[in-house]
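The values are calculated or read from the model by the stated rules, or taken from the named source; none is laboratory data. A quick note: this is a predicted structure, and the numbers were derived from the prediction, not measured. Note that we place each Cβ from the backbone using ideal geometry, even for glycine, and neighbour counts take in every protein chain shown. Calculation scope for accessible area: heavy atoms of the full protein, side chains included, ligands and nucleic acids excluded. Shrake-Rupley method; radii C 1.70, N 1.55, O 1.52, S 1.80 Å.
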Amino acid sequence: MSLDSWISESDSIRKEIKNPYSSGCIFVIGILAFGVFGSIASLFFGVLFLTEEDKIFPGFGFFFCVSLVTIFIITMRSYRKASHIVKTIEIQTNTSLLSLRETGKADVELSLSEFISYMILFRAERSSSTGSSINTNSTWKYWDLYLVYRDGSCILLETFRDGNSLKQGLEFFKTKLPLPVWDRSDLRITNPESKDIPHKQDPKKIEPSAWVKTESKDQGTKIEIIEPKSIGKTFITLLVPVLFYGAWFTVLNSFLKNFENLIFLIFLIPFSIFFLGITTLMTVFIIFKKTDIIANTLELKFRYSTRIPILSSLLYKERSIPLSSIRNVRTIRMEQDNHILCVALKSSHGSKQRTFLDFLYNVQGVNLSAKQLPGDTELLGIITLSSWIPKGPGYSDLVYAENVLESVLGLREESLTFSGLASSSKK
């Protein structure tokens, strides 16, 4: 979150980012928190399990602590495998291209003349620290500086912790890329001033990787981003629901042993409904969610289901979006190293009443509300990728998928302009 990480040369500026999770403070703290604490807690509950008559509570405590340590080891092992990955973003004035590179992935090049503005977004994240006698809540403030492409796609350029640093950053970037500034935060520094950026060189074409699969289906083209499979990932996917349901069963068992205390029943019933409801929704609609994307010249279809065999047909949901309602297909590189492929719907599209199942299948950990632009009725995220995985799809695969969807649909995307966005946001 500093300009010190940017390397400035006569004809370019670039930033190289290494995996922040594979070493350093986060790795050491993780070892201390999960390794040391988890081992001690596992030993404690293990002794209780062997010596006490009651086996359920200490047994689950032992299982819970061992599971946390195992999840930590699998996760950190995955990040360590990705320790060699370097991501580079470079603005080249000699070729008038923006280059996005990542170790082991295809490069993405975009013409600088196709970008319409900088966009400033504000976000706040709450954190809490608890001491022996003090519980402190604090809010971390961030100003994210994005580049906005003519189709509404956004690329996070840099994140700043205060307004002054952001203003200095804008001066730095505008020396190489003199675009107008669209401020959607509280700084009020929108600035339409810009210079023409010449088109000097065509970006190279993105080639598909082994992680992108297309096939003919139902008189259309199905496109799929294949998720990498591993024993560790499958183990964690199955383990998480077991931990949640196991926690509930342990609480229930404790209540049944003291059934004469009916006051506890007042708390157990709403706790069970809430806890089991959240756990079930998370398991069915997030962990085991499956989405098929099928496009043809008339519409874009999303077929939602779950990988749980018994529920796959019961909870099946299909959503069709006519071509006339699609404004843009966008790829967004955003905070927390998330990459997401989205479909933006036009404001003229008559919004239909959504069912509860529609809502559940669109529950996602990535908040897209701030990325919705003036004129969007809905910004629907359809594929989300996390970063820093040692082997799997990347940003270039989402851009390729975007191009395939636009080609199959024959979509004539709405070309956005800075004046249109800035004037609409004032209304």
Report task. Check whether at least one residue in segment 157-165 is within 22 Å of the chain's Cα centre (by Cα), open to solvent by less than 10 Å² (accessible area, probe 1.4 Å) and at positive phi, and report yes or no. Result -> no
Inside segment 83-105, the number of residues satisfying the requirement of being surrounded by fewer than 20 Cβ atoms within 10 Å (Cβ to Cβ) and not in a strand (DSSP E or B) is 9
In segment 75-103, anything aliphatic (A, V, I, L, M), modelled with pLDDT of 85 or more and closer than 17 Å to P390 by Cβ is listed as I85, V86
Next item on the list: Kindly indicate whether any position in segment 172-188 is touching a helix residue (DSSP H, G or I) at 6+ places or on another chain (Cβ under 7 Å), touching a residue at least 24 places away in the same chain (Cβ under 8 Å), among the polar types (S, T, N, Q) and open to solvent by less than 90 Å² (accessible area, probe 1.4 Å).
Entry: no
Answer yes or no as to whether S113 is closer than 27 Å to E413 by Cβ, of a type in the set (S, T, N, Q) and out of contact with any Leu (no Cβ under 9 Å at 6 or more places or on another chain). yes
Looking across segment 4-13 at residues that are of a type outside the set (V, I, T) and open to solvent by less than 50 Å² (accessible area, probe 1.4 Å), the single one that is modelled with the lowest pLDDT is S5
In segment 286-320, anything polar (S, T, N, Q) and part of a strand (DSSP E or B) is listed as T291, S305, T306, S320
